[in-house]
1. Give the number of residues within the range 425-446 that are surrounded by 21 or more Cβ atoms within 10 Å (Cβ to Cβ) and more than 15 Å from Glu354 (Cα to Cα).
2. Name every residue in the range 268-286 that is away from ligand 2 (no atom under 16 Å from the Cβ) and open to solvent by 10 Å² or more (accessible area, probe 1.4 Å), in order of residue number.
3. Looking at the range 299-313, can you tell me whether even one residue there is within 13 Å of ligand 2 (Cβ to nearest atom), touching a residue at least 40 places away in the same chain (Cβ under 8 Å) and either on the phi > 0 side of the Ramachandran plot or over 18 Å from the mean Cα position of the chain (by Cα) (or both)?
4. Restricting attention to the range 372-381, which residues are part of a helix (DSSP H, G or I) and either open to solvent by 10 Å² or more (accessible area, probe 1.4 Å) or not assigned by TED's automatic domain parsing to the domain that holds Val454 (or both)?
5. Take the residues of the range 161-194 that are more than 15 Å from the chain's Cα centre (by Cα), open to solvent by 20 Å² or more (accessible area, probe 1.4 Å) and at pLDDT 90 or above: which is nearest to Arg149 (Cα to Cα)?
6. Any residue in the range 314-323 that is charged (D, E, K, R), within 16 Å of ligand 2 (Cβ to nearest atom) and part of a strand (DSSP E or B)?
7. Can you tell me how many residues in the range 135-160 are part of a helix (DSSP H, G or I), open to solvent by less than 60 Å² (accessible area, probe 1.4 Å) and free of Cβ contacts under 8 Å to residues at least 60 places away in the same chain?
8. Does Gly429 satisfy the criteria of being outside any helix (DSSP H, G or I) and either under 28 Å from His475 (Cβ atoms) or within 16 Å of ligand 2 (Cβ to nearest atom) (or both)?
Amino acid sequence: MHGVERMRNLVLTGFMGTGKSTVGCLLAERHGLQFVDTDDQIERQAGKSIAQIFAEDGECAFREMETVAVRAALGGRHRVIAAGGGALLSGANRALLGSEDIVLCLTCDANELERRLDSPSGRPLLNDLSAGTVGRLLEERRDGYARFRQIDTTARTAEEVAVQVTAVSELRRVATLDVERTRVSCIVFEAGIATHLENARDVMPSMTQALVVGDANVEAAGISGSIVESLRVFVPDVHSVVLPAGEVTKSTVWLEKLYQACQRWRLERESVIVAVGGGVVCDLAGLVAATYLRGLPLVLVPTSLLAQVDASIGGKVGIDFGRVKNVVGAFYPADAVLVDPKTLRTLPPGRLAEGLAEIVKIGVVCSETLFRQLEDLDGAGSILRCTQVIREAIHQKVRIVQRDPFENGERAMLNFGHTIAHGVEAASGYGLAHGEAVSIGVVAETWLAERLGVCERGPLERISVLLDRFGLPLHVSALDEDVVMAHMSQDKKRRGGSLRFALPVRIGEGRVVDITEIDARSAVRFALRAAA
Ligand SMILES: NC(=O)c1ccc[n+]([C@@H]2O[C@H](COP(=O)([O-])OP(=O)(O)OC[C@H]3O[C@@H](n4cnc5c(N)ncnc54)[C@H](O)[C@@H]3O)[C@@H](O)[C@H]2O)c1
Ligand SMILES: [Zn+2]
């Protein structure tokens, strides 16, 4: 079965002191998941420490609160949950686990545990920590814990344990995506993976030769260089090409130069193209992989936010031709997509905002949860800390693409905002960045949806507030209405006398609607309103 990965939540249980919280927190941060510690939740709810609850209300009361906390934690998805040492010992609590929740039990040798716990702890069951207490409690719980897969933490650091948990769970795997029935992409999300490709060998095709394609900016940021280095650890023959940065590179000129590189280094059917960069590099190198020797294995390491949530997901590769964007291309999903949020740290802030415009687009027509997560961000830069948003956006895009890989229906929803975006982007002579154009398009198309009654009232205001907070434009002045209309009409989505728009119905849901030229023009006029 393909599509969004089955794992719902990862639950870490085990005796106190085994590192559930430390390891859980580390894993959540690394893989863009939410971290929930049930003990913390209980303390927050009760307004006092667990030791106080035990002393004042008794263990029974505590266990009831624990059930409530476990239920609440398991009610979400994409979480790493640290469940207190006794939380999953009761059958009732275990019954709350869904078949898609993975439970791992951290263990540790009794002597080391005693050392780890030998500090004033506020741990109620250990108040009388005396020699042997830990051993006795461990013995009592042995059968309970034995139900779950065990991970031994003795003499290991939290980091080492985290690596093993990642290896045995589906934690970093966002999805496998089957676009062509014969090619399946494995999409993983892991902070730091771009500088340690050797840790991703399990998801990549086997390699004896690799051609790394990057651009001048990812080279200057040190990203493509460290990828080459980490590949050299296990690939005998690694070459690299550095392209100039920017959309102009998505051309037949650079396609040809890459084919020449493939010939110069005698690439064979098994040689792997590794694309490192934004959407431009992923699209161009992807087309080379799709066509050279009728198809080479392809690994994408998207390094812009836009590429991580959009360009690298879904198998479209291509170049621009004759001033028309993406007009030459193919569906050629990468074998592996390695998403490393750490690579975004060197991305210019405006580029982060551009990626956010695409995430807003996905949220508005596909997922209210995602939209709310965006509303929780302070500004564009906070996405670097709240990487769950990135993972969720990928998850949503995969969900749609898996159901409609060749854009015969539902995938067209992802064109929301883009009909007008293409118009203003082209009319500006590409002076407007794509993400800025998307922001303007999203606003104007939502306005149109509300005006036509396709959408309930309200989203326009929420969306505008959000885009504005990310520093994105809501309108653009100084463009000619007729020129914008002319570019929109050239758009490939034109049908008969009407234009096909993907419009929101409410936040989290959209539908495709045919719009008359007059209504489309009114939306363009709204987009061209001078910014207030
Ligand atoms: N294939 C698809 O499904 C799909 C979807 C959406 C967009 N796209 C394409 O993607 C392209 C836009 O993608 P983009 O916004 O990533 O453009 P881009 O590749 O030009 O990257 C934007 C800029 O950021 C730089 N950059 C990228 N990562 C960096 C990093 N980590 N540190 C410093 N600088 C970095 C790049 O060099 C470039 O200057 C367009 O060509 C668009 O058509 C394709
Ligand atoms: Zn776009």
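1. Total satisfying the criteria: 5.
2. Glu268, Arg269, Glu270
3. Checked the range 299-313: no residue is within 13 Å of ligand 2 (Cβ to nearest atom), touching a residue at least 40 places away in the same chain (Cβ under 8 Å) and either on the phi > 0 side of the Ramachandran plot or over 18 Å from the mean Cα position of the chain (by Cα) (or both).
4. Restricting attention to the range 372-381, the residues satisfying the condition of being part of a helix (DSSP H, G or I) are 372-375, 380-381.
Answer for the range 372-381, where residues must be part of a helix (DSSP H, G or I) and either open to solvent by 10 Å² or more (accessible area, probe 1.4 Å) or not assigned by TED's automatic domain parsing to the domain that holds Val454 (or both): Arg372, Gln373, Glu375, Ala380, Gly381.
5. Gln164
6. yes
7. Taking the range 135-160 as the starting set, the residues that turn out to be part of a helix (DSSP H, G or I) are 135-146, 158-160.
Imposing the further condition that a residue be open to solvent by less than 60 Å² (accessible area, probe 1.4 Å) reduces the set to 135, 137-138, 141, 144-145, 158.
With free of Cβ contacts under 8 Å to residues at least 60 places away in the same chain added as a condition, the list becomes 135, 144.
Residues that pass the stated criteria total 2.
8. yes
The values are calculated or read from the model by the stated rules, or taken from the named source; none is laboratory data. Bear in mind the structure is a predicted one, so any value in this text is a computation, not a measurement. Here the Cβ is made from the backbone with ideal geometry for all residues, glycine too, and neighbour counts use every protein chain on show. Side chains are part of the model used for accessible areas, which takes the heavy atoms of the whole protein and leaves out ligands, DNA and RNA. Shrake-Rupley method; radii C 1.70, N 1.55, O 1.52, S 1.80 Å.
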